[in-house]
1. Between a first residue in the range A:204-227 that is more than 13 Å from chain B (Cβ to nearest Cβ) and a second residue that is in a loop (DSSP other than H, G, I, E, B) and crowded, with 23+ Cβ neighbours inside 10 Å, which pairs have beta carbons less than 6 Å apart while being 6 or more apart in sequence or on different chains?
2. Step by step: first the residues of the range A:210-240, then only those that are outside any helix (DSSP H, G or I), touching a helix residue (DSSP H, G or I) at 6+ places or on another chain (Cβ under 7 Å) and modelled with pLDDT under 95, then the one that is nearest to residue A:156 (Cα to Cα). Which residue is that?
3. Do we have residue B:61 as touching a residue at least 60 places away in the same chain (Cβ under 8 Å), away from chain A (no Cβ under 14 Å), outside any loop (DSSP other than H, G, I, E, B) and farther than 24 Å from residue A:176 by Cβ here?
4. Given the options B:126, B:121, name the one that is touching a residue at least 24 places away in the same chain (Cβ under 8 Å), over 20 Å from residue B:18 (Cα atoms), more than 14 Å from chain A (Cβ to nearest Cβ) and surrounded by fewer than 18 Cβ atoms within 10 Å (Cβ to Cβ).
5. Have a look at B:92, B:101 and point out the one that is closer than 13 Å to residue B:48 by Cα, in contact with a helix residue (DSSP H, G or I) (Cβ under 8 Å, 6 or more places away or on another chain) and at pLDDT below 95.
6. Whether any residue in the range A:245-255 is touching a residue at least 60 places away in the same chain (Cβ under 8 Å) and outside the structural domain of residue A:51 (by TED's automatic domain parsing) is what I want to check.
7. What do you reckon, is residue A:75 closer than 30 Å to residue A:17 by Cβ and surrounded by 21 or more Cβ atoms within 10 Å (Cβ to Cβ)?
């Protein structure tokens, strides 16, 4: 029997309790929580997001940094910068949090088979890109990753970066500044992009990071010949209801909680330069 | 990118193939070649030293170079790495300039070393050559300015 629309809306707007299975530190202020999965989490495709509640503090949107369908648990990576994110990042094993979701549109993984994928991520932007790369690698593809971080100590998922390299993924990591022990690139992400685009007509790009970085990365991809329709960026705005009702995350004609967060550059490029948005 | 630039003919070919010199008319290439010589550096070698006269710039052919600054009481801080197809040293564009940073080979490095004083003199004598080279070096400066601004903005830092 089909679930009535009213019931689906109540389900989507009411946090359900979930238990923290483990917590691990990724960087100075970044933590990864493994949370028990429910049946609905199987829809948590890479690039989508959940609304997480720290009880008594508040609720924020957090992307999935793992693949519940493959791992049997939900992974969220959180940067402790505000009251809610600090409370969530501080949850120990066994603690409870509230979960709504999955919400939104993720990376178009089904459409990229047989094409060259270049993922461009900056800072915490690697979190929503991580499950996409994992899925691509699992199905035998060899994407390219260009990843920028503030410093070597702030680089996330270092074990994954090493594992992906071992599996043939071209990983170019760069940091804004580094000491003498760092053997990777130092500098910003955009100049590293052009050389990694070998066949622009066959290339699809996934871009996620601070919006300033994404604008410059998108410009570099366009200059390298990648079509705007083939560049997908993950936008971040003030998601509140997450079901397309409240309008807090409106971005031009889109409500990003429903129509994003992942959107083709061709659709949103003009709005990226509108300060009011 | 080939680093076999040890003969005159090979140097000319390698120079012409360097991205920074792409499309430079043959007559200008000859003038640049007159200021060029192949160079190689082992890991750890200093290509440029902060405060030294900006006399020799490098077009990188292979290997990577760290641009860094020393500070008392702490390890050298690297703010940019450059690799094949890129240039190490742009301060030479300004007469009497000194290098602002250290440049250190992160592994074996091959380059085309440019006698910057001679090249600047050649640009003074032939403004068309000077303008052609400016059109190649100014985009490098702009790209580095944009990159520096992004680093200064600390876009990966606390958004609050």
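1. The qualifying pairs are A:205/A:226; A:206/A:107.
2. It comes out as A:210.
3. Working: touching a residue at least 60 places away in the same chain (Cβ under 8 Å): yes; away from chain A (no Cβ under 14 Å): yes; outside any loop (DSSP other than H, G, I, E, B): yes; farther than 24 Å from residue A:176 by Cβ: yes.
It is true that residue B:61 is touching a residue at least 60 places away in the same chain (Cβ under 8 Å), away from chain A (no Cβ under 14 Å), outside any loop (DSSP other than H, G, I, E, B) and farther than 24 Å from residue A:176 by Cβ.
4. B:126
5. B:92
6. no
7. Here the answer is yes, as residue A:75 does meet what is asked.
To keep it simple, each residue is scored yes or no on (1) part of a strand (DSSP E or B); (2) more than 17 Å from the chain's Cα centre (by Cα).
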position	(1), (2)
A:11	no, yes
A:17	yes, yes
A:25	yes, yes
A:33	yes, no
A:47	no, no
A:56	no, yes
A:60	yes, no
A:74	yes, no
A:84	no, yes
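The values are calculated or read from the model by the stated rules, or taken from the named source; none is laboratory data. Note that this is a predicted model, so its numbers are computed, not measured. Cβ coordinates were reconstructed from backbone atoms using ideal geometry, including for glycine residues, and neighbour counts include every protein chain displayed.
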